[in-house]
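K.L.:
Structure in structure tokens, see below.
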Amino acid sequence: MSTHTTEQGFNNVRKLITDICERMKISETCRIRLMECERELTVHFPVKMDDGRAEVFTGFRVVHNDSRGPSKGGIRYHPDVNLDEVRALAALMSLKTAVVNIPYGGAKGAVICNPKTMSESELERLTRRYASEIAIIMGPERDIPAPDVGTNPQIMAWIMDTYSMGKGYSVPAVVTGKPLEIGGSIGRFEATGRGCMVDALLAAKHLRIDPRKATIVVQGCGNVGAVTADLLAKEGCRVIAISDSKGGVYNPDGLNLGDVLNHKQQTGSVIGSRNTEKVTNAELLELKCDILVVAALERALVKANAPALKARIVLEGANAPTTPEADKILLDKGIFIVPDILANAGGVIVSYLEWVQGLQSFYWDETEVNDYLGRLMTDAFNQVLCISKEKRTDMRTAACMVAVQRLATAMATRGIFP
Ligand code: NAD
């Protein structure tokens, strides 16, 4: 059982959901509804490039399920993205929003493009055209995009502006992950890392590990990894290693994260920061530690490296960092895994809070946002832990059971129209 399915696409998510439905005796009506995405839009649209040529791009917006509320999910700009991957990611969003119990369904969008090779103005024209193409299914009560790989708050601002121009008035709640100045939420930037920190402490508590004695290793020094490391260090944990795509740094006595993050900002890499020794990315994953946070890319933990892991807890900050084969190996080794749909849900939770604030035009302070985030993460973790004990299963299976049950109940309660 695994939520780590995107590499083989939507069929793997279908299998995951089918297995859970069988195990939980969910009705066949609900199961077959979850086997398909409710709405799929493919758009081919022209964009004027800086050199005067026009190029035709392909984009998608897929809604997997909206039984529990408007659909929610990021927009990815990547040269290799395809419809099958978008379907898989949309379905995982249905599970993620259900497991943390926020009133959303799941969706995902994408444009096949390489944002790294495009100018700012080309990206703006591409975004505005894509936003107008998907506007027929987007909306604050319908489907609400957010940033994902290759997109950022500026891109959300262009989508919000384009949608608002079509309506004739400002609609901040149509996207989340916006810049603060136009209705973004305080705490959104740190939200995923903060949620990871909350779950890491809860997992440590469950295994009776004292946070002040806990050693932490973090793979990935981006938005999720750097924030998680920083917040765990502030909680008194000892972060002994962290890496980026170029390699990692290690200090068994604990890294000075301020130094490491400054060094990364100045040089583009963590390597060479003061009082650290260099480790390779492979070595980093094998370091002995209490908590290994995987917060880089998909498929970080595979059949080949899983047997060498020495962590007691693996916390999945990234989406799909563990392959199904590696998942089984880690579980057999007795490693406690906090799965992605639970561990990295802090981002979508604060997106939800941003949407609520936008709808009521009433903005909260940082303490309110962080308290709410902490509460939802804690409730979700405890519910999943409770089910995992009751059903004698791992946290990933338990998280999927909680999510599928909520989706099935919502669908059954609403019934079928007409
Ligand atoms: P990011 O681009 O800010 O950071 C990724 C980091 O991983 C970078 O430091 C990069 O150098 C590093 N990296 C890449 N390859 C590596 C390797 N082989 N070994 C070690 N480090 C490597 O991205 P992010 O926003 O932090 O997202 C990380 C993961 O978390 C992704 O899987 C993303 O889908 C997932 N996620 C992010 C959010 C969010 O709110 N940002 C929410 C949910 C899930």
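K.L.:
Restricting to the chain, compute how many DSSP beta bridges are antiparallel as a %, nearest 5.
P.N.:
In the chain, approximately 45 percent of DSSP beta bridges are antiparallel ones.
K.L.:
Something else now. Can you compute log10 of I(q)/I(0) for the chain with the Debye formula, treating each Cα as one identical point scatterer, at q = 0.08, 0.09, 0.10 Å⁻¹?
P.N.:
Evaluating at q = 0.08, 0.09, 0.10 Å⁻¹ gives log10 I(q)/I(0) of -0.42, -0.53, -0.66.
K.L.:
Counting alpha carbon pairs within less than 8 Å and at least 6 residues apart, what relative contact order, in whole percent, applies to region 157-223? Each step should come with its number before you reach the end.
P.N.:
Working: 31 pairs, mean separation 12.9, N = 67.
After rounding, I find 19 percent.
K.L.:
Step through the residues of region 398-414 one at a time and calculate ³J(HN,Hα) from phi using the Karplus curve (6.51 cos²θ - 1.76 cosθ + 1.60, θ = phi - 60°), rounding each to whole Hz and writing x for Gly and Pro.
P.N.:
Karplus values, whole Hz, x for Gly and Pro: 4, 4, 5, 5, 4, 5, 5, 4, 5, 5, 5, 5, 4, 5, 5, 5, 6.
K.L.:
Something else: List the pair-distance distribution P(r) of region 256-409, using every Cα-Cα distance, as the percent of pairs falling in each 10 Å bin from 0 up to the bin containing the longest distance, rounded to whole percents.
P.N.:
Histogram of Cα-Cα distances, whole percents per bin: 10, 30, 31, 22, 7, 0.
K.L.:
Could you calculate the FRET efficiency of residue 246 with residue 297 from 1/(1 + (r/R0)^6), where r is the beta carbon distance between them and R0 is 22 Å, rounded to 0.05?
P.N.:
Calculated transfer efficiency: 0.95.
K.L.:
Output the relative contact order of the chain, whole-number percent, from Cα pairs under 8 angstrom with separation of 6+ residues.
P.N.:
The value is 17 percent.
K.L.:
Mind jotting down a quarter of the surface of the convex hull over the alpha carbons of region 191-343, in square nanometres, one decimal?
P.N.:
That works out to 7.7 nm².
K.L.:
Sticking with the crude label model, points 7 Å out along Cα→Cβ, report the distance from residue 386 to residue 413 in nm, one decimal please.
P.N.:
With each label placed 7 Å out from Cα toward Cβ, I get 1.6 nm.
K.L.:
Moving to a separate point now. From the helices alone, meaning DSSP H stretches of at least four residues, give me the mean residue ellipticity at 222 nm for the chain, per-run term -39500 (n - 2.57), in deg cm²/dmol to the nearest 500.
P.N.:
Value at 222 nm, helices only, nearest 500: -14000 deg cm²/dmol.
K.L.:
For region 50-89, treating each Cα as an identical point scatterer without solvent, what Debye log10 I(q)/I(0) comes out at q = 0.20, 0.26, 0.29 1/Å?
P.N.:
With no solvent term, the Cα-only Debye profile gives -0.71, -0.97, -1.09.
K.L.:
Could I ask something else about it? Spin-label point model (7 Å from Cα, Cβ direction): what's the residue 371 to residue 205 distance in nm?
P.N.:
1.7 nm
K.L.:
Still on this structure: Arranged from highest to lowest average of other beta-carbon atoms within 10 Å per residue, in what order do the peptides 46-53, 251-258 appear? Provide the component values of the computation, followed by the final result.
P.N.:
Details: 46-53: 12.0, 251-258: 15.9.
Top to bottom by mean Cβ count within 10 Å: 251-258, 46-53.
K.L.:
Considering all projection directions equally, how large on average is the shadow of the alpha-carbon convex hull of region 363-418, in square nanometres? Walk me through the intermediate numbers first.
P.N.:
Details: hull surface 23.7 nm².
Directional mean of the projected Cα hull area for region 363-418 stands at 5.9 nm².
K.L.:
Another one. What lysines sit close enough to residue 25 to cross-link, taking a C-alpha to C-alpha distance under 20 Å and skipping anything fewer than 8 places away on the same chain?
P.N.:
Straight-line reach from residue 25, under 20 Å: 15, 389, 391.
K.L.:
Multiply the residue gap between residue 288 and residue 29 by 0.36 nm, knock off their C-alpha separation, and tell me the result in nm, one decimal place.
P.N.:
Taking residue 288 through residue 29 to full extension adds about 88.6 nm, to one decimal.
K.L.:
Let me ask something else. With the radius of gyration and the Kirkwood radius both derived from the Cα set of region 37-172, what is their ratio Rg to Rh?
P.N.:
Ratio of gyration radius to Kirkwood radius for region 37-172: 0.97.
K.L.:
In addition: Given a Förster distance of 25 Å, report the FRET efficiency between residue 49 and residue 164 from their Cβ-Cβ distance, rounded to the nearest 0.05.
P.N.:
0.45
K.L.:
Taking amide H atoms as placed 1.01 Å from N in the peptide plane, list the residues 5 or more away in sequence, or in a different chain, whose amide H sits under 5 Å from that of residue 78.
P.N.:
Correct list: 111, 113.
K.L.:
Using a basic spin-label model with each label point 7 Å from the Cα along Cα→Cβ, how many nm lie between residue 41 and residue 149?
P.N.:
The modelled label-to-label distance comes out at 2.3 nm.
K.L.:
Next up: Could you tell me the calculated FRET efficiency between residue 235 and residue 80, based on Cβ-Cβ distance and R0 = 35 angstrom, to the nearest 0.05? Don't skip to the end; give the middle numbers.
P.N.:
On the way: r = 37 Å, r/R0 = 1.07.
That gives a FRET efficiency of 0.40.
K.L.:
Right, another one. Provide the net charge surrounding residue 75, with neighbours chosen by a C-beta distance below 9 Å and charges set as Lys +1, Arg +1, Asp -1, Glu -1. All intermediate terms of the calculation are to be shown ahead of the outcome.
P.N.:
Working: positive: 61, 76, 108; negative: 148.
Neighbourhood net charge equals +2.
K.L.:
Using per-residue counts of other Cβ atoms within 10 Å, averaged over each peptide, order 340-348, 392-400, 363-371 from highest down.
P.N.:
340-348, 392-400, 363-371
Bear in mind these aren't lab numbers, they're just calculated from the coordinates by the rules spelled out. Because the structure is a prediction, the values reported are computed rather than measured. Cβ coordinates were reconstructed from backbone atoms using ideal geometry, including for glycine residues, and neighbour counts include every protein chain displayed.
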